[in-house]
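Trainee: Okay, here's the structure, questions in a sec.
The values are calculated or read from the model by the stated rules, or taken from the named source; none is laboratory data. Treat the numbers as computed from the prediction; the structure is a model and nothing was measured. Here the Cβ positions follow ideal geometry from the backbone for every residue, glycine too, while neighbour counts run over all protein chains shown.
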């Protein structure tokens, strides 16, 4: 009898909530969704951009006198909870370098033992971001349950070379955190990101989970995009919630994949917008918060 081949599968939970400058409130939302994700059988919980720290220039004016010690304690508590729940956590936050150097806008990849497995620093910074953050210059992938994930943050989506770089690193699922909220009303982002993410996936034969803050006005809600440019599911806007999805989700190589010759990166391709640092705490992806 021929043995049945078991396909690798990663069960991702992705949450959305009204990210704010209230670090304690942010932490409460994250703990709530961690417990819900673990109870639902998820392998990994994905949180939005700056979901713990709040977003500089939006939720608070600047990092001047920012309470880094409180952020570190909150991060430690979430790491301890991840270990108790045996859950992977992609945590949107800010990474302190030193008192004279701008921090990074980051995603901590926290393992089910509570360790910091790696950290992605947002590489493509808007001009407003550059007032508060240092740019990253390092792609981050990791294999979980036989599926290679790649980490990205918000404005990265506007640069096609970013998803191409992750494809060339062997990623198949992009874990992409956004903060497109607190606008006065509708903006171009309401349309742009919901179209760009599926397009990047189709161009590179990738899946992606894109989540967002729910602070009004947020033009779009968290969703899953597939390699055929379809959106598999999407949450309602302006409402805290969580979606769950298994990857890969059944789209086979015989599906309608339009791009048979994906874009190749130039050998000297620049993969940052803004100034990266060579600070030891930035170069080290496992540096403590």
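Trainee: Against the condition crowded, with 17+ Cβ neighbours inside 10 Å and touching a helix residue (DSSP H, G or I) at 6+ places or on another chain (Cβ under 6 Å), how does residue 215 come out, does it pass?
Mentor: no
Trainee: Which members of region 115-160 meet the condition of being in a helix (DSSP H, G or I) and either surrounded by fewer than 18 Cβ atoms within 10 Å (Cβ to Cβ) or modelled with pLDDT under 95 (or both)?
Mentor: 130, 131, 158, 160
Trainee: Where the second residue is modelled with pLDDT of 95 or more and assigned to a strand (DSSP E or B) and the first is surrounded by 13 or more Cβ atoms within 10 Å (Cβ to Cβ) and lies in region 259-274, which pairs have Cβ atoms under 6 Å and are six or more apart or on separate chains?
Mentor: As it stands, the answer is 272/135; 273/124; 274/135, since those pairs meet every condition given.
Trainee: Which members of region 222-241 meet the condition of being crowded, with 19+ Cβ neighbours inside 10 Å, touching a helix residue (DSSP H, G or I) at 6+ places or on another chain (Cβ under 9 Å) and under 14 Å from residue 194 (Cβ atoms)?
Mentor: Hits for region 222-241 are 223, 225, 226.
Trainee: Of the residues 205, 182, which is surrounded by fewer than 24 Cβ atoms within 10 Å (Cβ to Cβ) and out of contact with any helix residue (DSSP H, G or I) (no Cβ under 8 Å at 6 or more places or on another chain)?
Mentor: Going through 205, 182 in turn, the sole match is 182.
Trainee: Continuing with this model, one more query. Of the conditions (1) under 30 Å from residue 145 (Cβ atoms); (2) touching a helix residue (DSSP H, G or I) at 6+ places or on another chain (Cβ under 9 Å); (3) in a loop (DSSP other than H, G, I, E, B), residue 286 fails just one. Which one is it?
Mentor: Among (1) under 30 Å from residue 145 (Cβ atoms); (2) touching a helix residue (DSSP H, G or I) at 6+ places or on another chain (Cβ under 9 Å); (3) in a loop (DSSP other than H, G, I, E, B), residue 286 violates only (2).
Trainee: So, one more: What residue, among those in region 169-208 that are in contact (Cβ under 8 Å) with a residue 60 or more places away in the chain and not in a helix (DSSP H, G or I), is farthest from residue 226 (Cα to Cα)?
Mentor: Going through the qualifying residues, I end up with 182.
Trainee: Which of (1) closer than 23 Å to residue 179 by Cβ; (2) crowded, with 17+ Cβ neighbours inside 10 Å does residue 112 not meet, given it meets every other one?
Mentor: (1)
Trainee: Report yes if residue 261 is at pLDDT 95 or above, over 20 Å from residue 147 (Cβ atoms) and not in a strand (DSSP E or B), otherwise no.
Mentor: Judged against the criteria, residue 261 is not a match.
Trainee: If you don't mind, there's one more thing I want to ask. Would it be correct to say that residue 108 is under 27 Å from residue 215 (Cβ atoms), within 15 Å of the chain's Cα centre (by Cα) and either in a helix (DSSP H, G or I) or in contact (Cβ under 8 Å) with a residue 60 or more places away in the chain (or both)?
Mentor: Criteria met by residue 108.
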